[in-house]
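K.L.:
This is the structure I have questions about; it appears just below.
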Amino acid sequence: MDSLKALLYGILRGIKDSLRGFYLILNYDNEVRRTDKPRQTPTRELTTLGKRRAAQQVAEKKQKQASHREQKLSESEPGVLKRFIECCTLNGVVFIISLLIFDYLVLPTLEWILWAVLQESGGSVWSYARPALSTLFSLLWALPLFIISRIINAIWFQDIADSAYRQKQGRPMLMPGTSKPIADMFFSIVIELFFLIQANMLMFLPIVGVGYCLSVVHMALLNALYAFEYKWFNMGWELHKRLSFIEEHWPYFMGFGLPLAIITMYPASTYISGGLFSVLFPIFIISANEAEPVMNTSPKLPWFAMVVKFNNRIFHKSFAVNPP
């Protein structure tokens, strides 16, 4: 009974923390940054030796210079709220609204015109015209804009995550070297892709309702990984550590990613689902940056074990990802 309560608490706490971003993002840029000027503490003259005073002056000068560089860097970064508004404009106004206008305004208007001009034969003509127009719209507008927006969103999401991390956590502690972060990022993308395929394949389980629920859980965990990955990468966490941490505390992360999973899995259109994800995801990045995950509410479950093993079989052992 206690374990069930702990599990439910982890899920509910995750849901609560994920929704905090809707409030936090409005005031994020107005909060005092941790990288602001250091506090000045009065110093006591323990001795009159000139060397001690000179050393103190040098240390204060270096501290001021470091603070000035940090402040200049923070000011040069785009604001969190500004990037969020840009995401909403690109994905919500330009992309999603254009799809809705085409489906619910342009197509019905063209159908009415055909019926008015061709009378009874308008129905047969429209049965061929509608799919042709939809395909043409997708090829010439929806698909190119979707691809472009995904590329731009990737850049903006990184800007939001980096700016939020600097404001709340300080300077990122990146992985040492150049090749290691690149390899980590590459394997992370591959494993997330395999996990997405695994989530979609669960939908085809013959047991009614079970496949859908497992797919939702997988998508919730994947969304949580997406959101927390920016923070953990800036903390210097490697991929195997990120995956292991989610598996150890999966109820919290399932709850964290559940709202976004439900919202994005509901629309039948892949384009609309992707647009909604792009609009809402910056909020979950902010939530993840502020969140303190609930620990040890359930036994560890190997959610990512299959995709990690599959990935290690595909690639050479020398480049394999350490299993969590």
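The values are calculated or read from the model by the stated rules, or taken from the named source; none is laboratory data. Computed from a prediction, not measured in an experiment: that's the story for all the values here. Here the Cβ positions follow ideal geometry from the backbone for every residue, glycine too, while neighbour counts run over all protein chains shown.
K.L.:
Give the residue, chosen from Phe204, Phe187, that is crowded, with 17+ Cβ neighbours inside 10 Å, out of contact with any Lys or Arg (no Cβ under 8 Å at 6 or more places or on another chain) and of a type in the set (Phe, Trp, Tyr).
P.N.:
Going through Phe204, Phe187 in turn, just one is crowded, with 17+ Cβ neighbours inside 10 Å, out of contact with any Lys or Arg (no Cβ under 8 Å at 6 or more places or on another chain) and of a type in the set (Phe, Trp, Tyr): Phe187.
K.L.:
Let me ask something else. Taking Leu202 as the residue in question, decide whether it is in contact with a His (Cβ under 8 Å, 6 or more places away or on another chain) and not hydroxyl-bearing (Ser, Thr, Tyr).
P.N.:
Yes.
K.L.:
Kindly indicate whether Ala183 is within 30 Å of Ile96 (Cβ to Cβ) and small (Gly, Ala, Ser).
P.N.:
So Ala183 does not fit the description; no.
K.L.:
Continuing with this model, one more query. Considering segment 147-192 alone, what residues qualify as being closer than 18 Å to Pro282 by Cα and not hydrophobic (A, V, I, L, M, F, W, C)?
P.N.:
Matches in segment 147-192: Ser149, Arg150, Asn153, Gln158, Asp159, Asp162, Ser163, Tyr165, Arg166, Gln167, Lys168, Gln169.
K.L.:
Scan segment 264-289 for residues that are surrounded by fewer than 15 Cβ atoms within 10 Å (Cβ to Cβ) and over 14 Å from Leu100 (Cβ atoms) and report the count.
P.N.:
Selection size over segment 264-289: 2.
K.L.:
What residue, among those in segment 173-182 that are at pLDDT 75 or above and of a type outside the set (Val, Ile, Thr), is surrounded by the most Cβ atoms within 10 Å (Cβ to Cβ)?
P.N.:
Here the residue is Pro181.
K.L.:
Whether any residue in segment 146-159 is surrounded by 18 or more Cβ atoms within 10 Å (Cβ to Cβ) and within 22 Å of Pro299 (Cα to Cα) is what I want to check.
P.N.:
Looking through segment 146-159, none of the residues is surrounded by 18 or more Cβ atoms within 10 Å (Cβ to Cβ) and within 22 Å of Pro299 (Cα to Cα).
K.L.:
Let me ask something else about it. Would you tally the residues in segment 272-313 being touching a residue at least 60 places away in the same chain (Cβ under 8 Å) and not in a loop (DSSP other than H, G, I, E, B)?
P.N.:
Qualifying residue count, segment 272-313: 21.
K.L.:
Trp156 versus (1) among the aromatic types (Phe, Trp, Tyr); (2) within 21 Å of Ile97 (Cα to Cα); (3) more than 22 Å from the chain's Cα centre (by Cα): which is the lone unmet condition?
P.N.:
Just one mismatch for Trp156, condition (3).
K.L.:
Here's another thing I want to ask about it. Do we have Met254 as surrounded by fewer than 16 Cβ atoms within 10 Å (Cβ to Cβ) and in contact (Cβ under 8 Å) with a residue 24 or more places away in the chain here?
P.N.:
It is false that Met254 is surrounded by fewer than 16 Cβ atoms within 10 Å (Cβ to Cβ) and in contact (Cβ under 8 Å) with a residue 24 or more places away in the chain.
K.L.:
Against the conditions (1) surrounded by 17 or more Cβ atoms within 10 Å (Cβ to Cβ); (2) touching a helix residue (DSSP H, G or I) at 6+ places or on another chain (Cβ under 7 Å), where does Tyr212 fall short? Just the number, please.
P.N.:
For Tyr212, the exception is condition (1).
K.L.:
Here is a follow-up. Search segment 153-206 for residues being hydrophobic (A, V, I, L, M, F, W, C) and part of a loop (DSSP other than H, G, I, E, B), and hand back the single one that is farthest from Glu238 (Cα to Cα).
P.N.:
Leu205
K.L.:
I'm told Val125 meets every condition in (1) surrounded by 12 or more Cβ atoms within 10 Å (Cβ to Cβ); (2) more than 13 Å from Ser278 (Cβ to Cβ); (3) under 27 Å from the mean Cα position of the chain (by Cα) except one. Can you identify the failing condition by its number?
P.N.:
Failed condition: (3).
K.L.:
Show the residue pairs meeting these rules: Cβ distance below 7 Å; 6+ apart or different chains; first residue within segment 84-102 and over 11 Å from Gly275 (Cα atoms) and modelled with pLDDT under 85; second residue surrounded by fewer than 20 Cβ atoms within 10 Å (Cβ to Cβ) and β-branched (Val, Ile, Thr).
P.N.:
Every condition considered, no pair remains.
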